[in-house]
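Undergrad: For reference, the structure I am asking about is given below.
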């Protein structure tokens with residue numbers, strides 16, 4: 001392993017070389033946060049790239065110089081490296097089963113959130129609201145890197161987090177299993193406090209700029225928005241998610257207190 005000199009990920013651990021990365025993907029993929037590949041080096045990497053794709057692990061295509069800066073000039077990288085996450089991911093089915101085991105089991109699906117600090121705040125908020133787990137839509141969503149872990153203030157150690165390579169398909173499956181899918185969307189037709197949020201739900205939180213992908217939005221049952229004061233264009237995704245999650249908590253507690 002090597003220490004990354006990536007400015008965004010100080011101290012991140014990297015595994016490099018075709019065989020070491022392939023073995024890591026095939027035997028301990030839950031530890032892999034992202035794979036880096038030099039552009040134009042795909043001829044020898046078919047098995048490796050297939051393993052990453054099948055496991056929903058994002059692949060970044062870099063120039064050779066950028067990869068060398070990450071792994072160091074003395075490293076025999078063979079055009080490929082993998083960044084190892086500080087914490088292992090939970091298998092998706094285990095996470096879903098935990099939510100299904102609760103009458104008001106809640107899941108969060110994060111789609112296209114690229115800022116690790118935002119994801120860390122999302123995980124801290126989700127843990128505080130008692131969700132069963134968080135699904136990270138792959139490729140366009142940052143993974144469990146060291147910045148995420150630090151920003152979550154320890155919450156990530158107590159909250160199951162899984163990769164989900166096909167977010168829209170997973171939402172459809174969860175709907176068939178009795179979950180209601182609610183998306184946070186600035187253009188949503190319903191307000192955050194105007195929808196029932198009891199029972200098993202999956203809440204979709206989208207990226208900082210464009211929100212969730214259109215394919216994910218299309219398969220949600222409802223889209224809800226948080227109204228903002230005049231002159232304020234947007235709300236941080238973790239804050240918006242907190243508003244909706246704690247409205248769900250309020251509704252459940254209110255329902256439990258009724259005679």
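Undergrad: Kindly indicate which of 243, 216, 232 is under 25 Å from residue 116 (Cα atoms) and exposed (fewer than 14 other Cβ atoms within 10 Å of the Cβ).
TA: Only one candidate passes the filter, namely 232.
Undergrad: What number of residues within region 137-153 satisfy the criterion of being modelled with pLDDT of 85 or more and in contact with a strand residue (DSSP E or B) (Cβ under 7 Å, 6 or more places away or on another chain)?
TA: Residues meeting the conditions: 4.
Undergrad: If residue 114 satisfies all but one of (1) crowded, with 22+ Cβ neighbours inside 10 Å; (2) closer than 21 Å to residue 82 by Cβ, what's the number of the condition it fails?
TA: Single failed check for residue 114: (1).
Undergrad: Assuming residue 156 fulfils every condition listed in (1) at pLDDT 95 or above; (2) in a helix (DSSP H, G or I); (3) under 22 Å from residue 118 (Cβ atoms) apart from one, which condition is it?
TA: Every condition holds for residue 156 apart from (1).
Undergrad: Determine, yes or no, whether residue 127 is surrounded by fewer than 22 Cβ atoms within 10 Å (Cβ to Cβ), over 12 Å from the mean Cα position of the chain (by Cα) and in contact (Cβ under 8 Å) with a residue 12 or more places away in the chain.
TA: yes
Undergrad: Right, here's the next one. Can you tell me which residue within region 160-191, out of those that are in contact with a helix residue (DSSP H, G or I) (Cβ under 9 Å, 6 or more places away or on another chain), assigned to a loop (DSSP other than H, G, I, E, B) and surrounded by 19 or more Cβ atoms within 10 Å (Cβ to Cβ), is modelled with the highest pLDDT?
TA: Filtering first and then ranking leaves 179.
Undergrad: Can we say residue 240 is in a helix (DSSP H, G or I) and closer than 15 Å to residue 191 by Cβ?
TA: In short, yes.
Undergrad: Follow-up question, since we're still on this one. Kindly indicate the residue of region 46-69 that is in contact with a strand residue (DSSP E or B) (Cβ under 6 Å, 6 or more places away or on another chain) and crowded, with 16+ Cβ neighbours inside 10 Å and also farthest from residue 163 (Cα to Cα) among those meeting that condition.
TA: Step by step, filter region 46-69, then rank; the result is 67.
Undergrad: Can you name every residue in region 7-32 that is touching a strand residue (DSSP E or B) at 6+ places or on another chain (Cβ under 6 Å), assigned to a helix (DSSP H, G or I) and modelled with pLDDT under 85?
TA: Passing the criteria: only 31.
Undergrad: Among (1) free of Cβ contacts under 8 Å to residues at least 40 places away in the same chain; (2) out of contact with any helix residue (DSSP H, G or I) (no Cβ under 9 Å at 6 or more places or on another chain); (3) part of a helix (DSSP H, G or I), where does residue 229 come up short?
TA: (3) is the only condition that residue 229 fails.
Undergrad: Of all residues being closer than 20 Å to residue 173 by Cα and free of Cβ contacts under 8 Å to residues at least 24 places away in the same chain in region 59-100, which is farthest from the chain's Cα centre (by Cα)? Just the residue, please.
TA: 97
The values are calculated or read from the model by the stated rules, or taken from the named source; none is laboratory data. Quick caveat, the model's predicted, so the values are computed rather than measured. FYI the Cβ positions are ideal-geometry reconstructions off the backbone, even for glycines, and counts take in every protein chain you see.
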